[in-house]
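Colleague: One structure coming up, written as structure tokens, with questions to follow.
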Amino acid sequence: MTAPPTTKRPPSKAGRNLPVAIGVGVGLGALILASLFIVRWGWLVLVVPALGIGVVELSRAFASGRFSVPVVPILLGTVAMHLGAYFGRGPGLMVAFGATLLAIVTWRSVLGIGRATRDVSAGVFIAAYAPFLSAFPTLMLTEEDGQWRVVTFVLVTICSDIGGYAVGVVAGRHPMAPSVSPKKSWEGLAGSAVSCLVAGMVAVPLLLGGPVWVGALLGLLSVATATLGDLAESMLKRDLGIKDLGDILPGHGGIMDRIDSLLLTAPVAWLVMSLLV
């Protein structure tokens, strides 16, 4: 007697557990708003530990490629860079960043010179990529309307992810960079551009009192940097032979998997809002 054929449900084109991912995303958004508006320094309480986890995720990823990253000075530098940005603004951030780089070299030199160049290079990359770039929203926070600047930056950048994801799932046909990120399509990029443009043109006048054209500029620059940030991290993960940098956020992966587009966008958004709003 022949067994009845079984039907296997095809994998979701979304590529993730969408309800879980949405729930985690909403929860993260609520935490961000609470950290910004309950007390101003609450942002540091949320972001610094999260970036510490992100640094550990990156260090473990590099360890799979036989790098021995000096984790301790980078973790201390993460705290120093955010405190420097919050209390000392731009100069404070740069002093803390320079001290972190010096600490990385010193820490690694104590362990010997074997493979030191590789390890120091990896440590400098992590320090610049994660804590340094993530300190720019802290710089935004030092302005009088700092909470709304951070909200605007996060909102516009996330709209790039949401617009690109939604359009890519429904209409994505032409891959942008199949060797780096097979699921990212040109149609998804168009969705990111439209959603970012609209978000910027609404958020900048409504939340910051700035002109619409500045919002449009912020949106267009954000979609470019957010896309580059996503592709850059995808390239890093492929080179190291890993799928995700972590698994702490169900439906998203690790901390660094979630904030890749935010990191490269942060300095650009800070510059636009500092000069034009």
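Each value in this text was obtained by applying a stated rule to the coordinates, not by laboratory testing. Predicted model only: the values in this text are computed from it and were never measured. Here Cβ is always computed from backbone atoms with ideal geometry, including for glycine, and neighbour counts include all displayed protein chains.
Colleague: Beyond 19 Å, how much of the Cα-Cα pair distribution for segment 168-277 remains, as a whole percent? Spell out each step's value before the answer.
Modeller: Numbers: 3110 of 5995 pairs.
Value for segment 168-277 (Cα pairs over 19 Å): 52 percent.
Colleague: Direction-averaged shadow area of the convex hull around the Cα atoms of segment 112-235, nm²? It would help to have the intermediate numbers written out before the result.
Modeller: Working: hull surface 38.0 nm².
It is 9.5 nm².
Colleague: Under a point spin-label approximation (7 Å from Cα along Cα-to-Cβ), what is the F37-S109 distance to one decimal in nm?
Modeller: For F37 paired with S109, the spin-label model returns 5.0 nm.
Colleague: Would you work out the charge dipole size for the chain about its Cα centre, treating the Cβ of every Lys and Arg as +1 and the Cβ of every Asp and Glu as -1, and quote it to the nearest 20 debye?
Modeller: The dipole of the chain has a size of about 740 debye.
Colleague: Just one of (i) 1.08; (ii) 0.94; (iii) 1.01 is Rg/Rh (Cα atoms, Kirkwood Rh) calculated from these coordinates, so which is it?
Modeller: Comparing each candidate, only (iii) matches the computed number.
Colleague: Let me ask something else about it. State the Cα centre-to-centre distance between segment 183-249 and segment 17-84 in whole Å.
Modeller: Distance between centres, Cα-based: 19 Å.
Colleague: So for segment 134-199, considering every pair of alpha-carbon atoms, how many percent are separated by more than 13 Å?
Modeller: That fraction is 64 percent.
Colleague: Right, next: Would you mind computing, in nm to one decimal, how far apart the modelled labels at R60 and L275 are, each placed 7 Å from Cα along Cα→Cβ?
Modeller: So the two model labels end up 4.0 nm from each other.
Colleague: With each pseudo-label sitting 7 Å past Cα toward Cβ, what's the T117-H174 distance in nm, one decimal?
Modeller: 4.3
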